[in-house]
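Undergrad: Below: one structure in structure tokens.
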Amino acid sequence: MAPAQSFLLNTGRRIPTVGLGVYKTPADQCVSLVREALNVGYRHIDSAALYYNEEEVCEGISQWLAEDPSRKREDIFYTTKIGDLFHGYEKTKNAIRGSLEKARKIGYIDLILIHSPQSDGERRHGSWKVLEEAYEAGTVKNIGVSNYGIKHLKELLAYPDLKVRPAINQFELHPWLQRPELVGFCREHDIAVEAYSPLARGQKVADPVVVKIDRHQGPAGPEPRRVRLRPGPRGPRDSQRPRGKLYQRLGPNNVSFGL
Ligand SMILES: NC(=O)C1=CN([C@@H]2O[C@H](COP(=O)(O)OP(=O)(O)OC[C@H]3O[C@@H](n4cnc5c(N)ncnc54)[C@H](OP(=O)(O)O)[C@@H]3O)[C@@H](O)[C@H]2O)C=CC1
Ligand SMILES: O=C1Nc2ccccc2C1=O
């Protein structure tokens, strides 16, 4: 299988371009889901404390690695996120401790994001300091934010004690929501844009253009998955989480990793 495409971050580390999002994936399906996803070529899993499946995602990664000694931890990219209720220095410190404990079988976390800016400036600042400490301690390899607008990014970049700039801003971005100013700001500041909800949270799966483009791509029928997963020029892109239709949905995605 061809190696997954990846994107260089401002930390010097790489993130696989296509990720599997596990929002609303029930915890009891996560171990098998993650193992199957890794089998078909995914190398990047996007979880969050809010998804209540961090431990099971890490268990799936750990089992998959253990199956074959030639598989390396450094080839997998595991993301999690700090929930809004855990903003502020002390609460974020505890939250990261919890996420690291759930990730103990895989040793470290590749990326932690502040899930959204929804609190206030002081608490966001406290949370960022903790992320910087985790980055400096090496328990988290990259740190970033999610759903930050330009205002929040400017606030962060102006912290007088800023030590580590965000590697990533993950936000909703797709052909129907292009956000050129925010994308431009991130590029200008060397913050990678990670797009989520590539089909507008599922509202565009039947869009005639999506279906038409997909039909042009091959004989597989009106499954628009390959369209949404094609890595764009902007940086990493999150895929949909497959929920109940897991295996049927994971299969077609496989063809996109080499694009
Ligand atoms: N940081 C953040 O705040 C956020 C992060 N994310 C990340 O991005 C990931 C993906 O986001 P998400 O909004 O789910 O992505 P999508 O835009 O891909 O939407 C997924 C939805 O599309 C439906 N769908 C997908 N393919 C088809 C198809 N071929 N036919 C019919 N329906 C289809 C799914 O249906 P079904 O339910 O049947 O599977 C699901 O309801 C999340 O898991 C998460 O990791 C997402 C949102 C916010
Ligand atoms: O993190 C998430 N927050 C969301 C809100 C609505 C739909 C998907 C998600 C996520 O994946």
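FYI, it's all coordinate maths here, none of it is from the lab. All figures in this text were calculated on a predicted structure; none of them were measured in a lab. In this analysis, Cβ positions are derived from the backbone assuming ideal geometry, glycine residues included, and neighbour counts consider all displayed protein chains.
Undergrad: Please list, or write none, the aspartates and glutamates whose alpha carbon is within less than 20 Å of the alpha carbon of Lys105, excluding same-chain residues fewer than 8 places away.
TA: The reachable aspartates and glutamates, counting only those whose Cα sits under 20 Å from Lys105, are Asp28, Glu36, Asp46, Glu54, Glu55, Glu56, Glu59, Glu67, Asp68, Glu74, Asp75.
Undergrad: Apply 1/(1 + (r/R0)^6) to the Cβ-Cβ distance of Arg13 and Ser70, taking R0 = 25 Å, and write down the FRET efficiency to the nearest 0.05.
TA: On the way: r = 22 Å, r/R0 = 0.86.
For R0 = 25 Å, the calculated efficiency reads 0.70.
Undergrad: Something else: Quick one: order Arg14, Arg73 by neighbouring beta-carbon count within 10 Å, fewest to most.
TA: Arg73, Arg14
Undergrad: Another question, then. Using a Cα-Cα cut-off of under 27 Å, which lysines could be cross-linked to Lys212, ignoring same-chain neighbours fewer than 8 residues away?
TA: Reachable lysines: Lys204, Lys245.
Undergrad: Using R₀ = 30 Å, calculate the FRET efficiency as 1/(1 + (r/R₀)^6) where r is the Cβ-Cβ separation of Lys24 and Ala158; round to 0.05.
TA: About 0.25, to the nearest 0.05.
Undergrad: Measure off 7 Å from each Cα along the Cα-to-Cβ vector at Lys105 and Gln203, then give the distance between these two points in nanometres to one decimal.
TA: 3.8 nm
Undergrad: Take the alpha-carbon centre of region 99-143, take the same for region 21-90, and report the distance between them in whole Å.
TA: 16 Å
Undergrad: Separate question: Stretched out fully, how many nm does the piece from Ser32 to Ile213 gain, at 0.36 nm a residue minus the Cα gap?
TA: 62.0 nm
Undergrad: While we're here: Where in region 141-155 is the amide nitrogen less than 13 Å from a point lying 7 Å along the Cα-to-Cβ axis of Glu188?
TA: Residues 150-151, 153-155 qualify, since their backbone N sits under 13 Å from the label point.
Undergrad: Classify region 30-143: rounded, prolate or oblate, from the alpha-carbon gyration tensor (a ≥ b ≥ c, eigenvalue square roots; a/c under 1.5 rounded; otherwise prolate if a/b is larger than b/c)?
TA: prolate
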